[in-house]
Protein chains: 2
Amino acid sequence: MASTLSAADSSAFEGTAPRRLNWSGLIEAYRPYLPVTDSTPVVTLLEGNTPLIPVPMIAKIIGKGVRVLVKFDGLNPTGSFKDRGMTLAISKAKEAGAKAVICASTGNTSASAAAYARRGGMRAFVLIPDGYVALGKLAQALLYGAEVLAIKGNFDQALNIVREMAESYPVTLVNSVNPYRLEGQKTGAFEVVDNLGDAPDWLCIPVGNAGNITAYWMGFCQYHQQGKCNRLPRMMGFQASGASPLVTGQVFTHPETVATAIRIGNPASWEKALAAQQASQGQFNSVTDAEILEAYRLLASQEGIFCEPASAASVAGLLKVKDQVPAGATIVCVLTGNGLKDPDTAINHSNNQFKPGIEPTTAAVAQAMGL
Amino acid sequence: MASTLSAADSSAFEGTAPRRLNWSGLIEAYRPYLPVTDSTPVVTLLEGNTPLIPVPMIAKIIGKGVRVLVKFDGLNPTGSFKDRGMTLAISKAKEAGAKAVICASTGNTSASAAAYARRGGMRAFVLIPDGYVALGKLAQALLYGAEVLAIKGNFDQALNIVREMAESYPVTLVNSVNPYRLEGQKTGAFEVVDNLGDAPDWLCIPVGNAGNITAYWMGFCQYHQQGKCNRLPRMMGFQASGASPLVTGQVFTHPETVATAIRIGNPASWEKALAAQQASQGQFNSVTDAEILEAYRLLASQEGIFCEPASAASVAGLLKVKDQVPAGATIVCVLTGNGLKDPDTAINHSNNQFKPGIEPTTAAVAQAMGL
């Protein structure tokens, strides 16, 4: 067994007094580790402090006395890990006097940017290509009050325009190139260490734009330098095989995967992620869509955890390389988003157990149940 | 201003050391207050400990120096407050040796029951009327591994059959008549008091089946008896006007409202909720669908909080009776579910700010932004 106490294992708490936290959001919790000052206005939805949930059925599949936990960042306020970076990016934008923020995104980033910008009293602009995405994907951002602009062009043009806008107009760019995003996201690593009492042996994480693996590594290194943990984890990054540039070393011009949140062919943080992998003696591996969906169903139907398909890549990857797991290891898999973000995949890929047309009697129902 | 310190207001934490909690779920946190023993197997997804978020724009609308916070229970593991009751109901079912649980529900209850039952190694059956609901509404429960049975009958027949099943077969009923559900849900009140340092002046809460208002009142009373709070709140229950039996005193045979989670014409906890309202000198009031949707948009676009339409009834109600709010009061509104549960309402009822067909130049985008 691993030496660290299982802080998130409920049995470890039997008989102890209930403990409560008045959690005041990431920036207050980790202020000494973040680029803020007393004059930074804190825009927060009390993000972070997400649960680190033991997944004993996954551990059982691996065997060897390993302990596996998932960091369920889908329970952040807007439903994804993006909130960690956004509380800082928006607070710093407000400190700088911005009246508006802008990003090119159709998914979790646009929702998070809109929620925090509006809470901070700023306008939130989202730039996308015409016809690029169904309105349903943008519904959350629109409800948060995002102003969505669709250009007659492609996604690369949208990215170029938002960069130019941020240079020439009084709007702050909150795409992944905003350095405060990664600074905020590194707090995920802090929380893992604070929960476990040390870093895990392995940190398994989905990799798309490669910002989150970069941020987690920054967080572990910073905590290690401060003496908050005694070791550093191996960073195990997993990409979808249809969008796996870090595995193949080649840009994917037409990335494709069911895991839309990591459907990225040319990651912004490519070099930083490679550095994290090398420094931590970690690995990049790819998982197929079938493996991702299998892990997605396994997490829901055996562990009770409903995550985005992209999130399940971390667990799918762990299961794929399970023969390499050292006996007694403590492993954390990051689940980046809430499954409720993608209802279509849930509808299309559950092991649908639906029996219609049953006679309305107790006996008929009992028979249908196999009792 | 109210006398209690704003524990969830981030400004109250400036300069303090970061504090962390190894939260181990409701049952461990509140063990002395719950009907469990050392031999109860704890089935948990680390539910509870949800954020109490200040909503300053809502407070500003009311004025009079009031402080308003929302208890965002949509950040529970399956996306609703139902997880609070389900961790206890499923743990007790497991303790009693149940191999399966059953409920008649199409919404948050079935998802929560399925997640916890499967995590506890039990089968989860959901009984519904044939053709009663689109499969999409059940997608979350199906992914968690629920076995859904549709009978050729109506919802009342389904309710009768699940009751009979629980009497005659080795399955545990986890519908709202299961007494452990309310015992678990009362922990919402404990958390509010633990966050604020005392009970609020008002507790505003959506009322459908009337179980949650009953449970919150149980929680406040129990904490008050134990000396954990010095006062008790006024319980302010809000129903949708198309489903407002507690306001009118009449059963609604055909309840109708956009707030589907409180679309109930004959609440199971009617008498208990009335007792809570009377003992607390509270009130029941109704809000229209238009008022609910206005509060729903306001919470998202001004505060950055995306809740279910039913949840917004608590805030809509508070705004409706704002003239009665005492100066300097501390008010908590319960938001029972995550907005991601109901994407259709988000699509149909945002103040859609979508501008297509913009030329792909920085100048054209700047013009569209009004810069």
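The values are calculated or read from the model by the stated rules, or taken from the named source; none is laboratory data. All values derive from a computational prediction rather than experimental measurement. Note that each Cβ is placed from the backbone with ideal geometry, even for glycine, and that neighbours are counted across all protein chains shown. Only protein heavy atoms, including side chains, enter the accessible area calculation; ligands, DNA and RNA are left aside. Shrake-Rupley method; radii C 1.70, N 1.55, O 1.52, S 1.80 Å.
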Quick one: among B:Thr330, B:Thr288, B:Thr248, which has the greatest mean-square fluctuation in a GNM of chain B with alpha-carbon springs under 10 angstrom? B:Thr248
Lysines with Cα under 20 Å of B:Lys137, excluding same-chain neighbours fewer than 8 positions away: A:Lys137, A:Lys341, A:Lys355, B:Lys82, B:Lys152, B:Lys341
Roll a 1.4 angstrom probe over the protein heavy atoms and tell me the percent of accessible area of segment A:99-169 that is carbon or sulfur. 45 percent
Quick one: if the Förster radius is 56 Å, what FRET efficiency do B:Gln283 and A:Asp323 give, using the C-beta to C-beta distance and rounding to 0.05? 0.35
Taking R0 as 22 Å, what FRET efficiency do you get between A:Glu359 and B:Glu167 from their Cβ-Cβ distance, rounded to the nearest 0.05? 0.70
Contact order relative to length for chain B, counting C-alpha pairs under 8 Å separated by 6 or more residues, stands in percent at 18 percent
Would you mind estimating how fast chain A diffuses translationally, via Stokes-Einstein at 37 °C and 0.692 mPa s with the Kirkwood radius over Cα pairs, in µm²/s? 153 µm²/s
Estimated FRET transfer efficiency when R0 is 56 angstrom, pair A:Gln225-B:Ile61 (beta carbons, to 0.05): 0.75
Could you list, by residue number, the cysteines of chain A that have no other cysteine's beta carbon within less than 4.7 Å of their beta carbon? A:Cys103, A:Cys221, A:Cys229, A:Cys307
Could you compute Rg(Cα) / (2.2 N^0.38 Å) for the protein assembly as shown, with N its residue count? 0.90
With an 8 Å cut-off on Cα pairs and a minimum separation of 6 or more residues, tell me the relative contact order of segment A:248-308 in percent. 23 percent
Any idea of the accessible area per residue across segment A:99-169, 1.4 Å probe, to the nearest Å²? 33 Å²
Please identify, among B:Tyr216, B:Tyr132, B:Tyr144, the residue showing maximal mean-square fluctuation in a Gaussian network model of chain B using a 10 angstrom Cα cutoff. B:Tyr132
Under 12 Å from the Cβ of B:Asn351, count the other residues' Cβ atoms, weight Lys and Arg +1, Asp and Glu -1, and hand me the total. 0
Whole-Hz Karplus ³J(HN,Hα) for segment B:96-111, in order, using 6.51 cos²θ - 1.76 cosθ + 1.60 and θ = phi - 60°, x for Gly and Pro? 7, x, 5, 9, 8, 10, 9, 8, 10, 6, 10, x, 4, 5, 5, 5
Across 10 Å bins from the origin, how do the percents of Cα pairs in segment B:214-371 run, short distances first? 10, 32, 30, 16, 7, 6, 1
Residues whose placed amide H lies under 5 Å from that of A:Gln283, excluding near-sequence neighbours: A:Met235, A:Met236, A:Gly237
Can you give the calculated 222 nm mean residue ellipticity of the protein assembly as shown, where each DSSP H run of n ≥ 4 adds -39,500 (n - 2.57) and the sum is split over every residue, rounded to the nearest 500 deg cm²/dmol? -11000 deg cm²/dmol
Using a 7 Å Cα-to-Cβ projection, B:Asn352 label spacings across copies, nm, ascending: 2.8
Along segment A:345-357, what does the Karplus equation 6.51 cos²θ - 1.76 cosθ + 1.60 (θ = phi - 60°) give for ³J(HN,Hα), rounded to whole Hz, x for Gly and Pro? 5, 5, 5, 7, 10, 7, 7, 3, 10, 10, 10, x, x
Across segment B:118-132, in residue order, what do the Karplus-derived ³J(HN,Hα) couplings come to in whole Hz, using 6.51 cos²θ - 1.76 cosθ + 1.60 with θ = phi - 60° and x for Gly and Pro? 5, 4, x, x, 10, 7, 10, 9, 10, 9, 9, x, 3, x, 6
Neighbourhood net charge (11 Å Cβ-Cβ; Lys/Arg +1, Asp/Glu -1) for A:Tyr144: +1
Evaluate the distance, in nm, between pseudo-label points positioned 7 Å from the Cα of B:Ala290 and of B:His254 along their respective Cα→Cβ axes. 2.2 nm
So how much accessible surface do B and A hide from each other in total, probe 1.4 Å, in square angstrom to the nearest 100? 8900 Å²
Quick one: Cα centre-to-centre distance for segment B:190-244 and segment A:186-221, in angstrom? 38 Å
